[in-house]
Amino acid sequence: MAWMNIIRLSALIFLLWTVKPAMTGESPEAEKFIEIFGNKAIQSLTEDGLTNQDRMDRFRKLYKEDFATEAIARFVLGPYWKKSSEEDQSKFAQLLEDYVVFSYAPKWKNYSGETFAVYDSISESTKIILVRSDVTPKKGEVIKLDWRVGSDGANFRIYDITVEGVSMIITQRSEFMSVIKNGGGTISPLINALEAKLEELNK
């Protein structure tokens, strides 16, 4: 699938290291949340001696705690979410979570001290805040990375990540819609495709 290229590129977002201390945007709290997420991920996922399973288990915990998992699943399915049974909704949400874990967790083995810097935040709506950051590799050009986060009143959650202007969830939604439409307008073909991909990744 074409969206695999976006997944590979956006894997860079998880190779974090330092953050600029100044929080000068419209939502210092949201900026701080992303800073904490980055530092927490580094400490948890780059520990010496971790097995692949350890790393995936720890990444899954971070994903469940810090991402708006249900909202992401609803968005990428678009109108087909409401058209699907509760059983299929639940199955898809779990497969999406599994796919994210299997795709991203192993990338932490390649961590090499990239610099991650949060530098601004903008309120896009009453619910969503855009947190802006850069990822600077030891060699190569700076990568622009934006996070869309929202608050449920008590905690912030990550709703989307945009790498160099390309939104992960919009890209996934476009690809998922294509699979669904080509498969007759139900999410069964998409579920089958995700199951096949997970089986491949698990080999």
For the chain, what relative contact order do you get, as a whole percent, if you take Cα pairs closer than 8 Å and at least 6 residues apart?
-> 27
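Hand me the chymotrypsin sites (Phe, Trp or Tyr not before Pro) from the range 133-162 located in a DSSP loop with no more than 15 other Cβ atoms within 10 Å, in residue order please. Kindly include the intermediate steps, with their values, before the conclusion.
On the way: sites: Trp147, Phe156, Tyr159; in loops: none.
Loop-located and lightly packed - none at all.
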Select from Ile161, Ile36, Ile169 the residue whose mean-square fluctuation is largest in a Gaussian network model of the chain (Cα-Cα springs shorter than 10 Å).
-> Ile36
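Going through the cross-link list Lys107/Lys139; Lys61/Lys91; Lys107/Lys181; Lys40/Lys203; Lys127/Lys181, which pairs have a Cα-Cα distance over 23 Å in this structure?
Working: Lys107/Lys139 18 Å; Lys61/Lys91 19 Å; Lys107/Lys181 32 Å; Lys40/Lys203 29 Å; Lys127/Lys181 31 Å.
The pairs that break the limit, which is 23 Å between Cα atoms, are Lys107/Lys181; Lys40/Lys203; Lys127/Lys181.
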Pick from Glu141, Glu65, Glu26: which residue has the top mean-square fluctuation in a GNM of the chain where Cα pairs under 10 Å get a spring?
-> Glu141
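Send over a whole-number figure in Å² for the accessible area per residue of the chain, probe 1.4 Å. Working shown, then result.
Values: 10430 Å² over 203 residues.
Result: 51 Å² of accessible area for each residue.
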Which of Tyr119, Ala93, Thr171 sits farthest toward the positive end of the charge dipole of the chain, with +1 on the Cβ of Lys and Arg and -1 on the Cβ of Asp and Glu?
-> Thr171
Roll a 1.4 Å probe over the protein heavy atoms and report the accessible area of Leu50 in Å², nearest 10.
-> 30
GNM, the chain, Cα, under 10 Å: largest mean-square fluctuation among Ala71, Ala30, Ala117?
-> Ala71
With every protein chain in place, the range 100-159: carbon and sulfur % of accessible area (1.4 Å) | 49
Cα Rg, Dmax, the chain, angstrom units | 17.0, 51
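In debye, nearest 20, what is the charge dipole magnitude of the chain about its Cα centre with +1 on Lys and Arg Cβ and -1 on Asp and Glu Cβ, if you could check? Display every interim value, and only then the final one.
On the way: 26 positive and 29 negative charges, 59 e Å.
The dipole magnitude comes to about 280 debye.
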How much mean residue ellipticity at 222 nm does the chain get from its helices, if each DSSP H run of length 4 or more adds -39500 (n - 2.57) and you divide by all residues, to the nearest 500 deg cm²/dmol?
-> -16000 deg cm²/dmol
Report the charge-dipole magnitude of the range 25-103 in Debye, nearest 20, computed about the Cα centre from +1 at each Lys and Arg Cβ and -1 at each Asp and Glu Cβ.
-> 240
With +1 on the Cβ of every Lys and Arg and -1 on the Cβ of every Asp and Glu, the dipole magnitude of the range 124-203 about its Cα centre, in debye rounded to the nearest 20, is 80
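The values are calculated or read from the model by the stated rules, or taken from the named source; none is laboratory data. The shown structure was predicted, so the numbers you read here are calculated from the model rather than taken from an experiment. Backbone-built Cβ (ideal geometry, glycine too); neighbour counts: all protein chains shown. Surface accessibility is based on the protein's heavy atoms, side chains included, excluding ligands, DNA and RNA. Shrake-Rupley method; radii C 1.70, N 1.55, O 1.52, S 1.80 Å.
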